[in-house]
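Visitor: Shown below is the structure under consideration.
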Amino acid sequence: MSEVILKIENLRVEFRGKELGQQVKLAVNGLNLAVRQGEVFGFLGPNGAGKTTTMNVLLGFVNATAGDAWLFGVNVREPIARQRIGYLPELTYYYKFLTAEEILRFYAKIFCIPKGEVERRIDAVLRLVELEHARKRQIKTYSKGMQQRVGLAQALINNPELLILDEPTSGLDPVGRMKVREIIQRLRNEGKTVFFSSHELGEVETVCDRVAILNHGELKAEGRVSDLLRQHQQNNLEQVFLKIIGYHDDSKSSGGNLQAA
Amino acid sequence: MTTANPPAETCRLPEALARPAGASSWTNICAIAGVVIKEMYRRKDFYVLFVLTALITLVMGSVSIFNEQGIVRYLKEICLFLIWGSSLVIVITTTARQIPAERENRTLFPLLAKPVTRHQLILGKFLGCWLASGVALLIFYAFFGMVAGAREHHWPVLNYFQAITLHWFMLGIVCALTLLGSIVFAAPSSNTTITLVVTVGILLLGRHLNKVALRLSEPGQTVVYIFYYAIPHLEIFDVRDLIVHNWGLISWPIWAAGLAYAAVYAALFLSAACLRFRRQAVN
């Protein structure tokens, strides 16, 4: 069995309101998770379930109230834990006054990639995301899809072992979504580990080895997609997801009421 | 969050990735500073201020009233005042927007997702803003020096050197103070206003605080004295008279002590900014 490269134990994250008397918001509660090398892991949940907060803890943006998390056996609070990961945020924004090439060179410098290697890596990732033609243009002239692809390129510049993607296809057109899906498949074939959140459940079903479903900050289900389908006796992941988060289809009754009205 | 050991079955980060901490810190700080400098020369603010200051300096340089040579001193004083004002505006506005813009544009997230510490981010921003202000200062003084030298046929290079270095180190204190402000205040506009008021306040009133304290009764006297000894006395860096009146040089040990004084205050403000930013959630 391959090694665990992402481990979360009893993670709890609370947010305190800045105003006096505001209640404490529990974003993640007692989360345990392990992702193994080479897996494509789907991290699912409705909006506000705690997916992005968990990712923020993994990336050191937010401190956990309790519990611990490790990347490659290094506590996530250590910056070196992020040396072998690539991260694509949900909304990709980069320094608009820089060109794609300059952004990639900047991040390559931070990863201490040897000078001789930098240009080769930049060429490779720009070819992968099909942005070679626009490499010398400033980001402010890019479309949303192109910016998302720059995001993917910067996430891949250090040839990461683990990719953390926060809703990588959100806001993209069908072609853009297909391209991102192809890239994830390609990375899986190269043996990379991908940990990503998405609301596109059809896409998750296609590309993921395992999924975890989060609701109200708690882990509700985890396992292989086929196992979850069997366990919950459903035909697709969307139905499993809706069942797990406790969604009831009231459309028939409301439809009737509308007709009556 | 506890600092428990990693679970036994987790794989380890390859040994090859354990980079020398000092070297990588410096690389990160320089990389971040490089982006700040690039941003500055790709924006228009600096050019607008430079062109305005250059125009006024040129006009002042060409003015001749009743062939009175003494008038040159007044013109020099006005031009240097302009340079001081422009440099303060450039350094405060550039520094104040650094961290808030990173948050607002969400560029902070991909950056902090890399092996970059928050201290490195703060130091990189400081270095970038300080170097950029140094470049601006050098251009301003070079232009002013040429115009003034052409009128007076006198080139006091060492006077200029002392004035520029002291001015630049004073801007270092202001830059660190503004960075600290940008961690405390969310809006760059409020930070800019507050830092500008504090800086101008210290420059104008800093040296008089002890006299004010003498006239007060307790506990007001102690409070004002604490302020007097705690604030960085930016006015000691104002050696414009060296250039205006072509006075003799400041003794070099005093000049060096001035630079050290600035370095200590800048380090104090930067440490406070790092401490404050260290545990701040950036979601």
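The values are calculated or read from the model by the stated rules, or taken from the named source; none is laboratory data. These numbers were taken from a predicted model, which means no experiment stands behind them. In this analysis, Cβ positions are derived from the backbone assuming ideal geometry, glycine residues included, and neighbour counts consider all displayed protein chains. All accessible areas refer to the heavy atoms of the entire protein, side chains included, with ligands and DNA or RNA removed. Shrake-Rupley method; radii C 1.70, N 1.55, O 1.52, S 1.80 Å.
Visitor: Return the total of residues in the stretch A:128-149 being open to solvent by 30 Å² or more (accessible area, probe 1.4 Å), part of a helix (DSSP H, G or I) and without any contact (Cβ under 8 Å) to a residue 40 or more places away in the chain.
Guide: Final tally of qualifying residues: 5.
Visitor: Go through (1) among the hydrophobic types (A, V, I, L, M, F, W, C); (2) assigned to a helix (DSSP H, G or I); (3) modelled with pLDDT under 85 one by one and return the number of the condition B:A186 breaks.
Guide: Just one mismatch for B:A186, condition (2).
Visitor: When only residues in the stretch A:47-64 that are of a type in the set (V, I, T) and under 17 Å from A:L219 (Cα atoms) count, which is surrounded by the fewest Cβ atoms within 10 Å (Cβ to Cβ)?
Guide: Restricting attention to the stretch A:47-64, the residues satisfying the condition of being of a type in the set (V, I, T) are A:52-54, A:57, A:62.
Right, trim to under 17 Å from A:L219 (Cα atoms) and you get A:52-54, A:57.
Values: A:T52: 21, A:T53: 24, A:T54: 28, A:V57: 28.
If we take residues in the stretch A:47-64 being of a type in the set (V, I, T) and under 17 Å from A:L219 (Cα atoms), then A:T52 is surrounded by the fewest Cβ atoms within 10 Å (Cβ to Cβ).
Visitor: Could I ask something else about it? Filter the stretch B:237-266 for residues that are of a type outside the set (D, E, K, R) and part of a loop (DSSP other than H, G, I, E, B); which is nearest to B:H167 (Cα to Cα)?
Guide: It comes out as B:V239.
Visitor: Still on this structure, I have one more. Test A:L152 against the stated conditions and say whether it is open to solvent by less than 10 Å² (accessible area, probe 1.4 Å), at pLDDT 90 or above and in a helix (DSSP H, G or I).
Guide: In short, no.
Visitor: Only one of B:L131, B:L177, B:L123, B:L171 is modelled with pLDDT of 90 or more, under 20 Å from B:T57 (Cβ atoms) and either open to solvent by 30 Å² or more (accessible area, probe 1.4 Å) or part of a helix (DSSP H, G or I) (or both). Can you tell me which?
Guide: That would be B:L171, the only listed residue that is modelled with pLDDT of 90 or more, under 20 Å from B:T57 (Cβ atoms) and either open to solvent by 30 Å² or more (accessible area, probe 1.4 Å) or part of a helix (DSSP H, G or I) (or both).
Visitor: Could I ask something else about it? Looking at the stretch A:11-84, what strands (runs of 3 or more DSSP E) fall wholly within it and have at least 3 residues that are more than 13 Å from every other protein chain (Cβ to nearest Cβ) and in contact (Cβ under 8 Å) with a residue 12 or more places away in the chain?
Guide: A:24-36, A:40-44
Visitor: Identify the residue in the stretch A:105-127 that is part of a loop (DSSP other than H, G, I, E, B) and within 11 Å of chain B (Cβ to nearest Cβ) and, among all such residues, is nearest to A:N56 (Cα to Cα).
Guide: So, considering only residues that are part of a loop (DSSP other than H, G, I, E, B) and within 11 Å of chain B (Cβ to nearest Cβ), the one nearest to A:N56 (Cα to Cα) is A:F111.
Visitor: Please enumerate the residues belonging to the stretch A:208-223 that are open to solvent by less than 10 Å² (accessible area, probe 1.4 Å) and either over 13 Å from the mean Cα position of the chain (by Cα) or small (G, A, S) (or both).
Guide: Residues satisfying the conditions are A:A212, A:I213, A:L214, A:G217.
Visitor: Of all residues in the stretch A:85-104, how many are of a type in the set (D, E) and more than 8 Å from chain B (Cβ to nearest Cβ)?
Guide: Here the count works out to 2.
Visitor: Take the conditions within 14 Å of chain B (Cβ to nearest Cβ), of a type outside the set (S, T, N, Q) and touching a strand residue (DSSP E or B) at 6+ places or on another chain (Cβ under 6 Å) and apply them to A:G191. Does it pass?
Guide: Against the criterion (within 14 Å of chain B (Cβ to nearest Cβ), of a type outside the set (S, T, N, Q) and touching a strand residue (DSSP E or B) at 6+ places or on another chain (Cβ under 6 Å)), A:G191 does not qualify.
Visitor: Now, a different point. Residue check: is B:W155 within 25 Å of B:F140 (Cβ to Cβ) and free of Cβ contacts under 8 Å to residues at least 12 places away in the same chain?
Guide: When the stated conditions are applied, B:W155 passes them.
Visitor: Let me ask something else about it. Inspect all residues belonging to the stretch A:226-246 and state whether any of them is in contact with a helix residue (DSSP H, G or I) (Cβ under 6 Å, 6 or more places away or on another chain), in a strand (DSSP E or B), at pLDDT 85 or above and farther than 30 Å from A:I122 by Cβ.
Guide: Checking the stretch A:226-246: not a single residue is in contact with a helix residue (DSSP H, G or I) (Cβ under 6 Å, 6 or more places away or on another chain), in a strand (DSSP E or B), at pLDDT 85 or above and farther than 30 Å from A:I122 by Cβ.
Visitor: Now, a different point. Going by the structure shown, is A:E190 modelled with pLDDT of 85 or more, more than 13 Å from the chain's Cα centre (by Cα) and not polar (S, T, N, Q)?
Guide: yes
Visitor: A further question on this structure: Taking B:T107 and the conditions (1) more than 10 Å from chain A (Cβ to nearest Cβ); (2) without any contact (Cβ under 8 Å) to a residue 24 or more places away in the chain, which numbered condition does it fall short on, given that it satisfies the others?
Guide: (1)
Visitor: Let me ask you something else. Being within 18 Å of the chain's Cα centre (by Cα) and either away from chain A (no Cβ under 14 Å) or of a type in the set (S, T, N, Q) (or both) narrows it down to one of B:L214, B:L203, so name that one.
Guide: Step by step, each of B:L214, B:L203 is checked, and only B:L203 is within 18 Å of the chain's Cα centre (by Cα) and either away from chain A (no Cβ under 14 Å) or of a type in the set (S, T, N, Q) (or both).
Visitor: Which is surrounded by fewer than 20 Cβ atoms within 10 Å (Cβ to Cβ), hydroxyl-bearing (S, T, Y) and at pLDDT 85 or above, of B:Y160, B:Y74?
Guide: Unique residue meeting the criteria: B:Y160.
Visitor: Out of A:E102, A:E90, report the one residue that is part of a loop (DSSP other than H, G, I, E, B), acidic (D, E) and open to solvent by 30 Å² or more (accessible area, probe 1.4 Å).
Guide: A:E90
Visitor: State all residues of the stretch B:217-259 that are among the β-branched types (V, I, T) and more than 21 Å from the chain's Cα centre (by Cα); if no residue qualifies, say none.
Guide: Those that are among the β-branched types (V, I, T) and more than 21 Å from the chain's Cα centre (by Cα): B:T222, B:V223, B:V224, B:I226, B:I243, B:V244, B:I250.
Visitor: Just to be sure I understand the filter: pairs with C-beta atoms under 6 Å, separated by 6 or more residues or on different chains, first member in the stretch A:160-176 and modelled with pLDDT of 80 or more, second member outside any loop (DSSP other than H, G, I, E, B) and surrounded by fewer than 20 Cβ atoms within 10 Å (Cβ to Cβ). Which pairs pass?
Guide: Pairs that qualify, where the first residue is modelled with pLDDT of 80 or more and the partner is outside any loop (DSSP other than H, G, I, E, B) and surrounded by fewer than 20 Cβ atoms within 10 Å (Cβ to Cβ), are A:T169/A:R177.
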